[in-house]
Amino acid sequence: MLIWQNPLKNHLLAELSEPDYARLEPALELVTLQAGQVLCEPCNRSRYGYFPVSSVVSLVGVSETGIYTPIAEIHEDGLVGLVRLLGPREIPYQCVTLISGEACRVRLDLLRAEFDGQGGFRRAALGYLQLLMIQIAQTAICIRRHTIEQKICKILLLGMDRVASNEVEMTQQFIGNMLGLRREDVTHAARKLQDDRLLDYTRGRITILDRAGLEARVCECYGLVR
């Protein structure tokens, strides 16, 4: 007997049954997201949701004084814009592409119709929402308890996992923004990791030289999020 397998790598889409996926498939548009690309603002009523395939999107809170606070990352397991399906309230964060790659874009009104319907999309979306809430809670612990070096190791290891490569394109300024850190603090911690020959940094491209070394220094949040 043949078993239905969703052709896309996004895990939330892959959970859908063949009839549920068939209703969405004509509306899915494969797009390329660039690092630093803002997908939605707190006050912006975005028209689209995004199912990351090979990209990573970060949820980042931004204060009135311009201070960034990381909240969570969405990768191939989830959906950017899920909160828009739950009600009309504005969101207190930006959705910013952390790692370039592909995503499936779809209009939010179509997703909302699926979410409000009787199919399996609602069940899959709420299951992912539970995982996202766990990650948000762990991020709050990480911000409070863990060192700058541990946080940088976490974001680099998660980046490696998503792109399946030992090279990640990120500037130190961008890492600082995503982690809510000063660039000077990121530079100091990254230089120490480079001096210990765990990574090499050249013009916005970070090459991981010793993954095991990074895993030995990362906080426990990495294992939970992974």
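The values are calculated or read from the model by the stated rules, or taken from the named source; none is laboratory data. Not measured: the values here are computed from a predicted model. Note that each Cβ is placed from the backbone with ideal geometry, even for glycine, and that neighbours are counted across all protein chains shown.
Within the stretch 167-183, the set of residues being part of a helix (DSSP H, G or I) and closer than 21 Å to ARG144 by Cβ comprises ILE175, GLY176, ASN177, MET178, LEU179. Only one of the numbered conditions (1) closer than 27 Å to HIS11 by Cα; (2) among the charged types (D, E, K, R); (3) touching a helix residue (DSSP H, G or I) at 6+ places or on another chain (Cβ under 8 Å) is violated by ARG123, and that is (3). Of the residues LEU12, LEU30, LEU39, the single one that is crowded, with 18+ Cβ neighbours inside 10 Å, in contact (Cβ under 8 Å) with a residue 60 or more places away in the chain and hydrophobic (A, V, I, L, M, F, W, C) is LEU12. A single member of THR139, THR97 is assigned to a strand (DSSP E or B), within 18 Å of the chain's Cα centre (by Cα) and closer than 25 Å to GLY204 by Cβ, and it is THR97. Determine the pairs where a residue that is more than 18 Å from ARG47 (Cβ to Cβ), located within the stretch 109-125, has a partner that is outside any helix (DSSP H, G or I) and not hydroxyl-bearing (Ser, Thr, Tyr) with Cβ atoms under 6 Å apart, the partner being 6 or more residues away or on another chain. Pairs found: GLY120/LEU16; ALA124/GLU15.
Scanning the stretch 208-226 for residues that are at pLDDT below 90 and in contact with a strand residue (DSSP E or B) (Cβ under 8 Å, 6 or more places away or on another chain) yields a single hit, VAL225. Are any of the residues in the stretch 115-122 surrounded by 20 or more Cβ atoms within 10 Å (Cβ to Cβ), under 24 Å from LEU158 (Cβ atoms) and in the same structural domain as THR139 (by TED's automatic domain parsing)? No: the stretch 115-122 contains no residue that is surrounded by 20 or more Cβ atoms within 10 Å (Cβ to Cβ), under 24 Å from LEU158 (Cβ atoms) and in the same structural domain as THR139 (by TED's automatic domain parsing). Is it true that LEU2 is out of contact with any Asp or Glu (no Cβ under 6 Å at 6 or more places or on another chain) and at pLDDT 85 or above? Taking the combined requirement at face value, the residue does not satisfy it. Of the residues contained in the stretch 66-78, one or more are found to be over 14 Å from ALA35 (Cβ atoms) and modelled with pLDDT of 90 or more. How many residues are closer than 9 Å to MET178 by Cβ and touching a Lys or Arg at 6+ places or on another chain (Cβ under 9 Å) when one looks only at the stretch 56-72? So the count comes out to 1.
Within the stretch 81-100, residues that are without any contact (Cβ under 8 Å) to a residue 12 or more places away in the chain sit with their Cβ atoms under 8 Å from residues that are β-branched (Val, Ile, Thr), at 6+ positions apart or across chains, in these pairs: VAL83/ILE91. Against the numbered list (1) modelled with pLDDT of 85 or more; (2) surrounded by 19 or more Cβ atoms within 10 Å (Cβ to Cβ); (3) not aliphatic (A, V, I, L, M), GLY127 comes up short only at (2).
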